[in-house]
Amino acid sequence: MAKRINFFDTTLRDGEQSPGCSMNIKEKILLAKQLEKLGVDVIEAGFAASSEGDFESVQMIANEVKNSTVAVLARAVKGDIDKAWEAVKGATKPRIHTFIATSDIHMKYKLKMEPEDVIKKAEEMVRYASSLCPEVEFSAEDATRSNPDFLAKIFDKVIEAGAKIINIPDTVGYTTPDEYYNFIMDIRKKSKHLDSVQISVHCHNDLGLAVANTLAAIKAGATQCECTINGIGERAGNAALEELVMIMNVRGDIYGVETGINTKEIMKTSHLLTSITGVSVQPNKAIVGANAFAHEAGIHQHGVLSNRETYEIMTPESVGLTMNKMVLGKHSGRHAFKDKLQSMGYDLAPEELDKAFEEFKKLADVKKQVFDGDIEAILTDREVKAEDKYKLVRFVINSGNTITTTASVVLNKEGQDIEGIAVAGGPVDAAIRAIDKCLDIEVELADYSIQSVTEGTDALGYSIIKIRYKDHNYIGKGMSINIVEASIKAYLNAVNSIYA
Ligand SMILES: [Zn+2]
């Protein structure tokens, strides 16, 4: 029988820690549900002891997710483990993931502990976590820079104390495939119990080797890989889930493993993450980049037309990529819209469907052809909207190449209309300045972007704005066929999230 590889997705924990990738609770739940649909075995939902917000989101994800295990991270500290268990205990399949650093440099300078005390602490905390939670994973932080004899010793102790999964992470992205393979084989030889539990790996991409290292570890006996969607994560990120899965699928002849991943959900998951965080992947990114399935050169196009396999090692359909075909227009009815949603894998409750249909109608009025990408954008936009303190009533922009741009924006703040007027060099800047005049607080614009959802000059503009207020970042998104309106909506969305 083929070896089963378990996918442990840490997009919501390690991924969320990466700059610009923070998400609110609603967004995390949305993503968790999509990860479940994708078929990941474990969802690492957060680090419960790190903040009240993290605790709450772990708790809500634990209650929502039914098919995947929900893991929660905790330092090998009693207080952390208590919080972790409190947050995750409602899950159908809960897991506490506890860790302690094992490299000399970390033990000496970070923990300021003697190696023998680190072993004692790990053993004691794994035993405690196991008394609460049926499944405990132990990680040796900075394992690849740790002494293999020491690792074998600490692993045996924590396995005796109840750990069911042992993670050997390349925390700093330092190892290479051959070295990692030999390292894991060596620890397996030195340890008495390691072969009786699941070996997990967690690789960082500082040298661009996260995926290659993960594959080497699988060859060395690991059966759980920790990874993230689009490879997001600390610094250069983690191993990308979509790359690992497709390598195992396309090169089944080499790896011969089984996974529980439904590859047709890959694109949707990647797009959802991008639309939530506003951090897009580079166009040439493997599997999920915009150009990953584009054949540009004439000779390639000709080849693919006569037989796809001439230049295609996997089909776009296998990762759930639907080309932007025209799907619906202004005459499409509710029924056709519902059918389309179902074919795209969305099953909405009646009132959600009503709202989405209303948005679709508005869009179809101004845009002749509505593509799959537009529909995905409508759904994502609708699902992350928070209760708004400031609402847009109307705006007027006067702009041209021979006049100064002026903007007048009217907002409704808790039932009362307020108007702001501003002049600036361009329409977006003028609109944002006009809004600033209506706000009670002063926020700082940290990042602004706008991109089109599909092709054509009538495409939906999708704007992402990051603002700073009292040392916190807030992200807002807005969508409209009018790019100034998209920007205004994004800015208000960010401001409103301060109050949400
Ligand atoms: Zn990590």
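For the stretch 458-496, which residues satisfy the criterion of being surrounded by fewer than 24 Cβ atoms within 10 Å (Cβ to Cβ), modelled with pLDDT of 85 or more and polar (S, T, N, Q)?
Ser480, Asn482, Asn496
Just checking, does the stretch 67-74 include any residue being over 25 Å from Lys33 (Cα atoms) and not in a helix (DSSP H, G or I)? Break it down stepwise before answering.
Taking the stretch 67-74 as the starting set, the residues that turn out to be over 25 Å from Lys33 (Cα atoms) are none.
The answer is no; no qualifying residue exists.
When the residues of the stretch 200-216 are filtered to those that are buried (at least 22 other Cβ atoms within 10 Å of the Cβ) and among the small types (Gly, Ala, Ser), which remaining residue is nearest to the ligand (Cβ to nearest atom)?
Among those that are buried (at least 22 other Cβ atoms within 10 Å of the Cβ) and among the small types (Gly, Ala, Ser), it is Ala210.
Can you tell me how many residues in the stretch 267-292 are without any contact (Cβ under 8 Å) to a residue 60 or more places away in the chain, touching a helix residue (DSSP H, G or I) at 6+ places or on another chain (Cβ under 8 Å) and closer than 26 Å to Asn493 by Cα?
Residues meeting the conditions: 4.
Kindly list, by first and then second residue, each pair from a residue in the stretch 238-266 that is of a type in the set (Asp, Glu) to a residue that is open to solvent by 40 Å² or more (accessible area, probe 1.4 Å), limited to pairs with Cβ atoms under 8 Å and residues at least 6 apart or on different chains.
Glu242/Ala286; Glu243/Ala286; Glu258/Lys3; Glu258/Arg4; Glu265/Lys37
Okay, residues lined up against (1) at pLDDT 90 or above; (2) closer than 30 Å to Cys438 by Cα:
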| residue | (1), (2) |
| --- | --- |
| Lys325 | no, no |
| Gly333 | no, no |
| Ala336 | no, no |
| Glu359 | no, yes |
| Thr405 | yes, yes |
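Could you tell me how many of the residues in the stretch 217-235 are open to solvent by 10 Å² or more (accessible area, probe 1.4 Å) and in a loop (DSSP other than H, G, I, E, B)?
Adding up the residues that qualify gives 5.
From the set of residues in the stretch 41-61 that are away from the ligand (no atom under 16 Å from the Cβ) and not in a helix (DSSP H, G or I), which is nearest to Met344 (Cα to Cα)?
It comes out as Asp41.
Do the conditions hold for Asp440, that is, is it surrounded by 14 or more Cβ atoms within 10 Å (Cβ to Cβ), assigned to a loop (DSSP other than H, G, I, E, B) and either assigned by TED's automatic domain parsing to the domain that holds Lys367 or not small (Gly, Ala, Ser) (or both)? So that I can check it myself, show each step before the final result.
Details: surrounded by 14 or more Cβ atoms within 10 Å (Cβ to Cβ): no; assigned to a loop (DSSP other than H, G, I, E, B): yes; either assigned by TED's automatic domain parsing to the domain that holds Lys367 or not small (Gly, Ala, Ser) (or both): yes.
In short, no.
Every residue in the stretch 6-38 that is modelled with pLDDT of 95 or more, within 11 Å of the ligand (Cβ to nearest atom) and either open to solvent by 20 Å² or more (accessible area, probe 1.4 Å) or in contact with a Phe, Trp or Tyr (Cβ under 9 Å, 6 or more places away or on another chain) (or both), please.
Arg13
In the stretch 163-199, what residues are within 16 Å of the ligand (Cβ to nearest atom) and open to solvent by 10 Å² or more (accessible area, probe 1.4 Å)?
Of everything in the stretch 163-199, those that are within 16 Å of the ligand (Cβ to nearest atom) and open to solvent by 10 Å² or more (accessible area, probe 1.4 Å) turn out to be Thr171, Val172, Tyr174.
Taking only pairs six or more apart or across chains, which ones have beta-carbon atoms under 9 Å, a first residue in the stretch 15-28 that is under 8 Å from Thr277 (Cβ atoms), and a second residue that is within 13 Å of the ligand (Cβ to nearest atom) and part of a loop (DSSP other than H, G, I, E, B)?
Filtered contacts from the stretch 15-28: Cys21/Thr11; Cys21/Ile232; Cys21/Gly233; Met23/Leu12.
A quick yes/no check of all residues on (1) open to solvent by 20 Å² or more (accessible area, probe 1.4 Å); (2) in contact with a Cys (Cβ under 8 Å, 6 or more places away or on another chain); (3) among the basic types (Lys, Arg):
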position	(1), (2), (3)
Lys362	yes, no, yes
Asp372	no, no, no
Ile375	no, no, no
Glu387	yes, no, no
Ser399	yes, no, no
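Give the number of residues within the stretch 39-61 that are open to solvent by 10 Å² or more (accessible area, probe 1.4 Å) and closer than 22 Å to His202 by Cα. Walk me through how you get there before you give the answer.
Initial filter on the stretch 39-61 (open to solvent by 10 Å² or more (accessible area, probe 1.4 Å)): 39, 41, 47, 49-56, 59-60.
So of that shortlist, the ones also closer than 22 Å to His202 by Cα come out as 39, 41, 47, 49-50, 54.
Counting residues in the stretch 39-61 that are open to solvent by 10 Å² or more (accessible area, probe 1.4 Å) and closer than 22 Å to His202 by Cα gives 6.
Among the residues that make up the stretch 236-250, is at least one of them in a strand (DSSP E or B) and either in contact with a Pro (Cβ under 6 Å, 6 or more places away or on another chain) or within 16 Å of the ligand (Cβ to nearest atom) (or both)?
Looking only at the stretch 236-250, we keep the residues that are in a strand (DSSP E or B), and these are 238, 240.
Applying the additional criterion that residues be either in contact with a Pro (Cβ under 6 Å, 6 or more places away or on another chain) or within 16 Å of the ligand (Cβ to nearest atom) (or both) yields 238, 240.
Within the stretch 236-250, one or more residues are in a strand (DSSP E or B) and either in contact with a Pro (Cβ under 6 Å, 6 or more places away or on another chain) or within 16 Å of the ligand (Cβ to nearest atom) (or both).
The values are calculated or read from the model by the stated rules, or taken from the named source; none is laboratory data. None of these values were measured; they are calculated from a predicted model. In this analysis, Cβ positions are derived from the backbone assuming ideal geometry, glycine residues included, and neighbour counts consider all displayed protein chains. Side chains are part of the model used for accessible areas, which takes the heavy atoms of the whole protein and leaves out ligands, DNA and RNA. Shrake-Rupley method; radii C 1.70, N 1.55, O 1.52, S 1.80 Å.
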